[in-house]
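Taking it in order: structure first as structure tokens, then the write-up.
The values are calculated or read from the model by the stated rules, or taken from the named source; none is laboratory data. Since the model is a prediction, treat every value here as computed from it, not as a measurement. Because the Cβ atoms are built from the backbone with ideal geometry, glycine has one as well, and the counts that use them run over all protein chains shown.
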Amino acid sequence: MTTLAALEVQCAEIQYDRNVVVHDVSFNLHAGQRLVIAGPSGSGKSSLLRAIAGLVPLSNGRIIMRGVDVTHLEPERRGAVYLHQVPVLFPHLDVFENIAFPMRIRKIATPTVTDRVMTLLERVRMPELARRRVGALSGGQRHRVALARALAANPEVLLLDEPFSALDPTLRREVRADVLRVLDANGPAAIFVTHDIDEAVAIGGRLGILIDGRLRQCDAAAHVLARPSSLDVAHLLGIPNIIHGTSDALGDFQCALGRFAGWGGAGAGVLVARPLALRVAEIDNDGVHDAVHGVVVRLLPQVAGDLVVVRVNEIEVIATPAPGMYIESGQHVRIDVDALSVHCLPTA
Amino acid sequence: MLRRQLGLLALVMAALAPVTVLVVRGWAAAWPFPLLVPISTAGAVLPAGPRLANATVTGIALALAVGAISTPLAMLASRALARASTRIRTFGQALAFLPVVAPPVSLGIGAALVSMQLHVAGTWGGVLLTHVLPATGYATLFLTAVLDRYEFAAEDAARTLGASRIDIMRRIAIPILRPRIAEAFALAALVSWGQLALTLLVGEGAVRTLPVELLAFVNSGDDRLGALSALVLTVPPLAGFGLLQRATSRVRAI
């Protein structure tokens, strides 16, 4: 037996003043699943989210929630709660009443409301702030209250529009961890929108890449990172090594990093390789004959581990040093390419 | 220091001088030119009391009714303008400005002609409808400026949380904007309270508000009752704004 998707977006198109900003976007999402839609500014991410919420009309396509076509339903009848980039709390209500709001409008009995609000406050670790004015809350606290209020509405789908971008990096990590913890426990389907790929990967779940209003790729985040569907997607993902080459008569791909069998493409193309796929090692004379050699240009210190810029056959690549290896500029090194982790794409 | 004190004194005198003259003239029986002080304090104004009282009650009732009609109209209009495209917004604001910038006499002549066609000339209802025009314009312009700072995102958030449009007005928009709505109400009521040309032209003398009586007293040469009427005319607006200031200062709002 198949369960109904919490959300199905079918061929969604959005227009503003006859300009199409979202073209033919389709995906679905089940309860408890997370989808991160990443894309550059102006790619239509927020418009898509607002259309799912019902705040912007679709010019074409359908939105289905739990099997019900909600395309033409008012936002309040959809079951999709939209969380703004900067949390929008109701300034005339305190924390408790903000969270109670969705239940008050549903005329739920006060004892039930009180229990539920206190449970949600516990979940977002703010039980002592129930009667605090929202104007007196910090940025992180405002996010937590907005999240608790959204959960109080018991939504099918939670729509989070750049939810952490207004926070400083430390607070961002903390609030993100809290949001993901709460969502795991509660289980509505959730769509995050972000322009920050690192954040998209940190959120986990599926990753959708929206460029120029088109969903170019939508798959598990690890798969998207390893196998971007196009050069645009690879650029957006910030993959630093995009190496031009050509296919030969056998259909193998040939570039500065060697020959890669079984590409199957024809003509010009690029090899897309994350630094993790290129391992810098010391040259040994017993090595394979067709090993790729290069010269270290400089080190790139990183929080998660240093990277190395290596010049290979007139091009520079960014690679990962072997564990414990001492590296200095000008050093001759070998680059081992993990053929399973690189990806060839046509340039056209 | 002395210059600043003199400046302050000049400001206070400029503000109080007209009121002081009205107080003195209303208290004195006569104040013939060129005397600097009134010659007598005797003389009763009691016979004119009921006329003043009736006019005051009529004016207050009219002002409250105008406020009650104009404020919701202005609220709807300003909300529509605040979320409209720039072109529609400019057009809408120009429309709201029209009864404000049009000379009251011009507006009054037009309104009088329409009210005669509708057979409401000389009636309380006709005057009420005519007062609503400029009052709604003023209140719309005021609320449009207020809504420029209003966060409509709060309403969007409320809608996706399950609130209907009525819930949003009742639980979000009105509570957040309550002090500004009260000010818009006061503004609309004030426009009606001080209205002379429209009341005269449409009311045809049958609807007698305080400005109409004031004009009648002055025209008949009774400066004392004119001064008293003018004083009474200033009291409700001052009292109303004092109360409003006190009430709104306790409420957090945009």
**Fill in**
Here the residues within segment A:57-108 that are of a type in the set (S, T, N, Q), surrounded by fewer than 16 Cβ atoms within 10 Å (Cβ to Cβ) and either part of a strand (DSSP E or B) or free of Cβ contacts under 8 Å to residues at least 40 places away in the same chain (or both) are A:Asn60
**Message:** Out of everything in segment A:210-228 that is more than 20 Å from A:Pro240 (Cα to Cα) and within 13 Å of the chain's Cα centre (by Cα), what residue ends up being surrounded by the most Cβ atoms within 10 Å (Cβ to Cβ)?
**Reply:** A:Leu215
**Prompt:** Which pairs do you get when a residue that is modelled with pLDDT of 85 or more, found in segment B:103-116, comes within reach of a residue that is outside any helix (DSSP H, G or I) and of a type in the set (A, V, I, L, M, F, W, C), reach meaning Cβ atoms under 8 angstrom, with the pair 6+ apart or on two chains?
**Reply:** B:Ala112/B:Ala121; B:Ser115/B:Ala121
**Message:** Going through B:Thr199, B:Thr234 one at a time, which residue ends up being β-branched (Val, Ile, Thr) and crowded, with 21+ Cβ neighbours inside 10 Å?
**Reply:** B:Thr199
**Asked** Could we say that B:His131 is more than 30 Å from A:Met103 (Cα to Cα), not aliphatic (A, V, I, L, M) and not in a helix (DSSP H, G or I) here?
**Response** no
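Would you confirm, using the coordinates I've provided, whether B:Ile69 is surrounded by 15 or more Cβ atoms within 10 Å (Cβ to Cβ), among the β-branched types (Val, Ile, Thr) and modelled with pLDDT under 95? Show your work before the answer.
Numbers: surrounded by 15 or more Cβ atoms within 10 Å (Cβ to Cβ): yes; among the β-branched types (Val, Ile, Thr): yes; modelled with pLDDT under 95: no.
Considered against the rule, which asks whether it is surrounded by 15 or more Cβ atoms within 10 Å (Cβ to Cβ), among the β-branched types (Val, Ile, Thr) and modelled with pLDDT under 95, B:Ile69 comes out as no.
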**Request:** For segment B:159-195, enumerate the residues that are more than 11 Å from every other protein chain (Cβ to nearest Cβ) and basic (Lys, Arg).
**Result:** B:Arg180
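Rundown of residues vs (1) touching a Cys at 6+ places or on another chain (Cβ under 7 Å); (2) crowded, with 17+ Cβ neighbours inside 10 Å; (3) in contact (Cβ under 8 Å) with a residue 24 or more places away in the chain; (4) within 14 Å of another protein chain (Cβ to nearest Cβ), yes/no style:
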site	(1), (2), (3), (4)
A:Gly139	no, no, yes, no
A:His143	no, yes, yes, yes
A:Glu174	no, no, yes, no
A:Leu180	no, yes, yes, no
A:Ala189	no, yes, yes, no
**Fill in**
Residue hits (segment A:24-42; surrounded by fewer than 24 Cβ atoms within 10 Å (Cβ to Cβ) and outside any strand (DSSP E or B)) are A:His30, A:Ala31, A:Gly32, A:Gln33, A:Pro40, A:Ser41, A:Gly42
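Yes/no matrix, rows are residues, columns are (1) at pLDDT below 90; (2) under 30 Å from A:Leu307 (Cβ atoms); (3) not hydroxyl-bearing (Ser, Thr, Tyr):
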| site | (1), (2), (3) |
| --- | --- |
| A:Ala153 | no, no, yes |
| A:Leu167 | yes, yes, yes |
| A:Asp178 | yes, no, yes |
| A:Ala202 | yes, yes, yes |
| A:Gly205 | yes, yes, yes |
| A:Asn241 | no, yes, yes |
| A:Gly245 | no, yes, yes |
**Fill in**
Given the conditions (1) surrounded by fewer than 23 Cβ atoms within 10 Å (Cβ to Cβ); (2) more than 9 Å from chain A (Cβ to nearest Cβ), every one holds for B:Asp156 apart from (2)
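One line per residue, one yes/no per condition, for (1) among the basic types (Lys, Arg); (2) assigned to a strand (DSSP E or B); (3) within 24 Å of the chain's Cα centre (by Cα); (4) under 30 Å from A:His195 (Cβ atoms):
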| position | (1), (2), (3), (4) |
| --- | --- |
| A:His244 | no, yes, no, yes |
| A:Gln254 | no, yes, no, no |
| A:Ile318 | no, yes, yes, yes |
| A:Ser329 | no, no, no, no |
**Prompt:** Taking A:Val272 and the conditions (1) in a loop (DSSP other than H, G, I, E, B); (2) surrounded by 14 or more Cβ atoms within 10 Å (Cβ to Cβ), which numbered condition does it fall short on, given that it satisfies the others?
**Reply:** (1)
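Quick check on A:Leu121: is it in contact with a Leu (Cβ under 8 Å, 6 or more places away or on another chain), within 11 Å of chain B (Cβ to nearest Cβ) and either in a loop (DSSP other than H, G, I, E, B) or of a type outside the set (S, T, N, Q) (or both)?
Details: in contact with a Leu (Cβ under 8 Å, 6 or more places away or on another chain): yes; within 11 Å of chain B (Cβ to nearest Cβ): no; either in a loop (DSSP other than H, G, I, E, B) or of a type outside the set (S, T, N, Q) (or both): yes.
Answer is no for this residue.
Name the residue that is nearest to A:Leu160 (Cα to Cα), counting only residues in segment A:51-79 that are away from chain B (no Cβ under 11 Å) and among the small types (Gly, Ala, Ser). Walk me through how you get there before you give the answer.
Filtering segment A:51-79 for residues away from chain B (no Cβ under 11 Å) gives A:51, A:57-73.
With the extra rule that they be among the small types (Gly, Ala, Ser), the set shrinks to A:51, A:59, A:61, A:67.
Working: A:Ala51: 13, A:Ser59: 22, A:Gly61: 22, A:Gly67: 22 Å.
The extreme case among them is A:Ala51.
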**Prompt:** Taking segment B:143-169 as the region of interest, how many residues are touching a residue at least 40 places away in the same chain (Cβ under 8 Å) and either more than 29 Å from B:Ala188 (Cα to Cα) or aliphatic (A, V, I, L, M) (or both)?
**Reply:** 3
